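One structure below.
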Amino acid sequence: MSITLERNFSYHAIKRSQQRGIRPWVVNFVLEYADKYKHANESCISQFISKRRVQKLIQENVLSPAKAALIDGVVVIAKDETIVTVFHKKMRLR
């Protein structure tokens, strides 16, 4: 199965997104509409969409409520133009 990606995903990011059930379109959507940015390790930046912004996108009919549930809490860590990893913000670490 081949996946067409709009952005440059690292091998690690592809593997983790498949393990965690995060679809490529969700990652691209988060990168496009992210309103929260935090510095991560070295020169990496973590990006995600706040709950307030998700509600606003639903009201503007950019996003359906069903798709909003998939996007809520997804964090994308990128370095330059490469996506390093993705994860769910609410997921408990072991």
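The values are calculated or read from the model by the stated rules, or taken from the named source; none is laboratory data. Owing to the predicted nature of the structure, the values given are computational and were not obtained by experimental measurement. Because the Cβ atoms are built from the backbone with ideal geometry, glycine has one as well, and the counts that use them run over all protein chains shown. Areas reflect the complete protein model, heavy atoms only, side chains present, ligands, DNA and RNA absent. Shrake-Rupley method; radii C 1.70, N 1.55, O 1.52, S 1.80 Å.
One line per residue, one yes/no per condition, for (1) open to solvent by less than 50 Å² (accessible area, probe 1.4 Å); (2) without any contact (Cβ under 8 Å) to a residue 60 or more places away in the chain; (3) in contact with a helix residue (DSSP H, G or I) (Cβ under 9 Å, 6 or more places away or on another chain); (4) at negative phi:
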residue: Phe48; (1), (2), (3), (4): yes, yes, yes, yes
residue: Arg52; (1), (2), (3), (4): no, yes, no, yes
residue: Gln55; (1), (2), (3), (4): no, yes, yes, yes
residue: Gln59; (1), (2), (3), (4): no, yes, no, yes
residue: Leu63; (1), (2), (3), (4): yes, yes, yes, yes
residue: Ala66; (1), (2), (3), (4): no, yes, no, yes
residue: Val76; (1), (2), (3), (4): yes, yes, yes, yes
residue: Asp80; (1), (2), (3), (4): no, yes, no, no
Which ones in the range 10-53 are of a type outside the set (A, V, I, L, M) and in contact with a Phe, Trp or Tyr (Cβ under 9 Å, 6 or more places away or on another chain)?
Arg16, Ser17, Arg20, Pro24, Asp35, Lys36, Tyr37, Lys38, Ser46, Gln47, Phe48, Arg53
Test each condition in (1) under 15 Å from His88 (Cβ atoms); (2) open to solvent by 80 Å² or more (accessible area, probe 1.4 Å); (3) among the hydrophobic types (A, V, I, L, M, F, W, C) for Trp25 and report the one that comes out false.
(1)
Would you tally the residues in the range 28-46 being open to solvent by 90 Å² or more (accessible area, probe 1.4 Å) and in contact with a strand residue (DSSP E or B) (Cβ under 7 Å, 6 or more places away or on another chain)?
4
Residue pairs, Cβ under 9 Å, 6 or more apart or interchain, first in the range 24-39 and without any contact (Cβ under 8 Å) to a residue 12 or more places away in the chain, second of a type in the set (S, T, N, Q) and open to solvent by less than 20 Å² (accessible area, probe 1.4 Å). List them.
Tyr37/Ser46; Lys38/Ser46; His39/Ser46
